[in-house]
Amino acid sequence: MGREDQRPWRPSRSSRARAGEKIGDTDDPGHPQPDEAEVESARLLENDARGALRVRGFSDEEIRRLADEYVALDLGEDTDEFILWAIRNRGEAH
C-alpha cells in the first residue's frame with residue numbers, strides 16, 4: 001500500500017450533504033441511514049462482509065451501522081471495498 005492508501009477516508013462535500021439528508025429522528029443518531037430503496041443493498045453488503053469483519057473484532061451492530069453508512073453515502077456496493085473502508089474508518093464513521 002502506498003502512503004495515499006493509508007490516509008483516513010473523509011467524505012466529500014457532496015457526500016456530507018447527502019448524509020445530512022439521511023439523518024432523521026428515528027435513525028441511529030448522527031449516522032447516515034440508507035433510503036428505503038437502499039436498505040436491501042446495505043443488508044446484502046453487511047451479510048457478505050460479516051465473516052471478514054467479525055474476525056477483526058467488529059460486532060454485528062457495528063457491521064450493520066457501517067454498512068448502512070457506506071451505502072447511504074453512495075460509496076459503492078463492492079464487498080471488498082466496504083471491508084477495507086470499514087477497517088480504515090472504524091470508530092471514525094459519522
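Some points to look at:
- When the residues of the range 27-50 are filtered to those that are acidic (Asp, Glu) and within 19 Å of residue 88 (Cβ to Cβ), the one that is surrounded by the fewest Cβ atoms within 10 Å (Cβ to Cβ) is 48.
- The combined condition, being assigned to a helix (DSSP H, G or I) and surrounded by 17 or more Cβ atoms within 10 Å (Cβ to Cβ), is fulfilled by residue 53.
- Taking the criterion of being among the β-branched types (Val, Ile, Thr) and under 9 Å from the mean Cα position of the chain (by Cα), the residues of the range 35-82 that qualify are 63, 71.
- For the range 56-74, the set of residues classified as surrounded by 13 or more Cβ atoms within 10 Å (Cβ to Cβ), modelled with pLDDT of 95 or more and not in a helix (DSSP H, G or I) consists of 58 only.
- Residues in the range 83-94 that are touching a residue at least 60 places away in the same chain (Cβ under 8 Å) and within 8 Å of the chain's Cα centre (by Cα): 85, 93.
The values are calculated or read from the model by the stated rules, or taken from the named source; none is laboratory data. Since we're looking at a predicted model, the values are computed, not measured. Using ideal geometry, Cβ is built from the backbone for each residue, glycine included, and neighbour counts are taken over all protein chains shown.
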